[in-house]
Amino acid sequence: MRINELISKRKQPFLSLEFFPPKEREAWDDFFAKVETLKSLSPLFVSITCGAGGSPQTNTVEIASRLQNDMGLETMAHLTCLGGGRPEVNTALEKLQSAGVNNVLALRGDLPKDADPADVQSDFRFASDLVAFIRSDFPDMGIGVAGYPEAHPESPTIGSDRERLKAKIEKGADFLVTQFLFDNRLYFDFVDRLRQLGVTQPVIPGVLPVLSLKSVRHILSISGASIPGRLYLDLEAAHESGGPKEVRRLGIEFARRQIRELLAGGAPGIHLYTLNQAAPCLEITEGLFD
Ligand SMILES: Cc1cc2nc3c(=O)[nH]c(=O)nc-3n(C[C@H](O)[C@H](O)[C@H](O)COP(=O)(O)OP(=O)(O)OC[C@H]3O[C@@H](n4cnc5c(N)ncnc54)[C@H](O)[C@@H]3O)c2cc1C
């Protein structure tokens, strides 16, 4: 079923879970075992990224198919368009459709390092081109798109980024999933501004658990998102006083508070970046979605 239909039927706040394909095939069994553990959280849907760490789209398609069919989870496959031409994108969509995967997160993907956006040769230059293609050739597909409460790093202004986002919705996207954020005011302001632009679709905030200083530094360096100074200083202090265990404890406590506040402020649900880890996700969500 299309995710926007699931959202509109849902009376309670929901949880969705994002995974990435393990790099090595030998790690797949362990990966599916973790997903099985997290199935106990009854996510409204799960999503599987593509391209991360050089993993090819074929892995995403195969894993999406297994999540949907073997594990009975409503699944959204991330699909980037920058690296592939129309035939590759079409093939991926056909495979997903025939596997019963009815939802994709339509993305442009990151530019190669130091590339000028104007020089990129692709059948689809922006995610909005991909959305338009899917809506025309795969009209039954549910389509999510990425939104950036802090604006996408390439955008010259926040206003222009919002307008580009609106274009993705106008081309046929059903809902938005945000880049992770640590300051909930960014999410609420983002939603307000989109509503002022006439965007009525659900906006699902992304929550990234901070489980170690090293991983948060890495993720911040590749995403362009920011972390409040206070939180960063608290994490550093936690590291000094109690080492990695204390950082993890603080990160989990922060994520729980963040989720509570987002839901209390009216977010329809939470998209949790699981980092393919089951235990911290169980701790973070305990009692919050009952
Ligand atoms: C929830 C989420 C999941 C993600 N999953 C993945 C993943 O699985 N794999 C992966 O590789 N990456 C993933 N990404 C990262 C994403 O691919 C990058 O952020 C990428 O740089 C932009 O993708 P987009 O779909 O937002 O692009 P777009 O919406 O196309 O936007 C890219 C930039 O172009 C600008 N723009 C858009 N349209 C126009 C136009 N017509 N003219 C001029 N400028 C324009 C936008 O303002 C923005 O600055 C994810 C991001 C998020 C938030």
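The values are calculated or read from the model by the stated rules, or taken from the named source; none is laboratory data. Quick caveat: nothing in here was measured; it's all calculated off a predicted structure. Positions of Cβ are backbone-derived with ideal geometry, glycine not excepted, and every protein chain shown enters the neighbour counts.
Taking the options Thr60, Thr91, name whichever one is among the hydroxyl-bearing types (Ser, Thr, Tyr), within 14 Å of the ligand (Cβ to nearest atom) and either farther than 22 Å from Glu5 by Cα or surrounded by fewer than 14 Cβ atoms within 10 Å (Cβ to Cβ) (or both). I'd like the intermediate steps shown before the answer.
Details: Thr91 fails: within 14 Å of the ligand (Cβ to nearest atom).
Criteria check complete, one pass: Thr60.
Yes or no, residue by residue, for (1) within 11 Å of the ligand (Cβ to nearest atom); (2) touching a Cys at 6+ places or on another chain (Cβ under 6 Å); (3) aromatic (Phe, Trp, Tyr); (4) part of a loop (DSSP other than H, G, I, E, B):
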site: Arg125; (1), (2), (3), (4): yes, no, no, yes
site: Val131; (1), (2), (3), (4): yes, no, no, no
site: Gly144; (1), (2), (3), (4): yes, no, no, no
site: Pro149; (1), (2), (3), (4): yes, no, no, yes
site: Ser160; (1), (2), (3), (4): yes, no, no, no
site: Leu165; (1), (2), (3), (4): yes, no, no, no
site: Gly172; (1), (2), (3), (4): no, no, no, yes
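I need the full set of residues from the stretch 40-57 which are at pLDDT 95 or above and more than 11 Å from the ligand (Cβ to nearest atom), in order please.
Hits for the stretch 40-57 are Ser40, Leu41, Ser42, Pro43, Leu44, Phe45, Val46.
Within the set of pairs 6 or more residues apart or between chains, which connect a residue that is hydroxyl-bearing (Ser, Thr, Tyr) inside the stretch 122-150 to a residue that is assigned to a helix (DSSP H, G or I) and buried (at least 19 other Cβ atoms within 10 Å of the Cβ) with Cβ atoms less than 6 Å apart?
Ser128/Lys168
Residue check, Ser241 against (1) touching an Asp or Glu at 6+ places or on another chain (Cβ under 7 Å); (2) of a type in the set (S, T, N, Q); (3) over 29 Å from Ser128 (Cα atoms), all met but one. Which one?
Among (1) touching an Asp or Glu at 6+ places or on another chain (Cβ under 7 Å); (2) of a type in the set (S, T, N, Q); (3) over 29 Å from Ser128 (Cα atoms), the lone unmet condition for Ser241 is (1).
Consider the stretch 178-221. How many of its residues are among the polar types (S, T, N, Q), under 23 Å from Leu44 (Cβ atoms) and within 16 Å of the ligand (Cβ to nearest atom)?
Going through the stretch 178-221, the residues among the polar types (S, T, N, Q) turn out to be 178-179, 184, 196, 200-201, 212, 215, 221.
If we keep only those that are under 23 Å from Leu44 (Cβ atoms) as well, we get 178-179, 184, 200-201.
Checking the rest, the ones that are also within 16 Å of the ligand (Cβ to nearest atom) come to 178-179, 201.
The total comes to 3.
Each row is one residue, and each column tells you yes or no for (1) of a type in the set (A, V, I, L, M); (2) closer than 25 Å to Arg256 by Cβ.
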position: Glu154; (1), (2): no, no
position: Arg164; (1), (2): no, no
position: Gly206; (1), (2): no, yes
position: Ser223; (1), (2): no, yes
position: Leu233; (1), (2): yes, yes
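Val207 passes all but one of (1) surrounded by 20 or more Cβ atoms within 10 Å (Cβ to Cβ); (2) out of contact with any strand residue (DSSP E or B) (no Cβ under 6 Å at 6 or more places or on another chain); (3) under 17 Å from Glu18 (Cα atoms); (4) not polar (S, T, N, Q); which number fails?
Checking Val207 against (1) surrounded by 20 or more Cβ atoms within 10 Å (Cβ to Cβ); (2) out of contact with any strand residue (DSSP E or B) (no Cβ under 6 Å at 6 or more places or on another chain); (3) under 17 Å from Glu18 (Cα atoms); (4) not polar (S, T, N, Q), the one that fails is (2).
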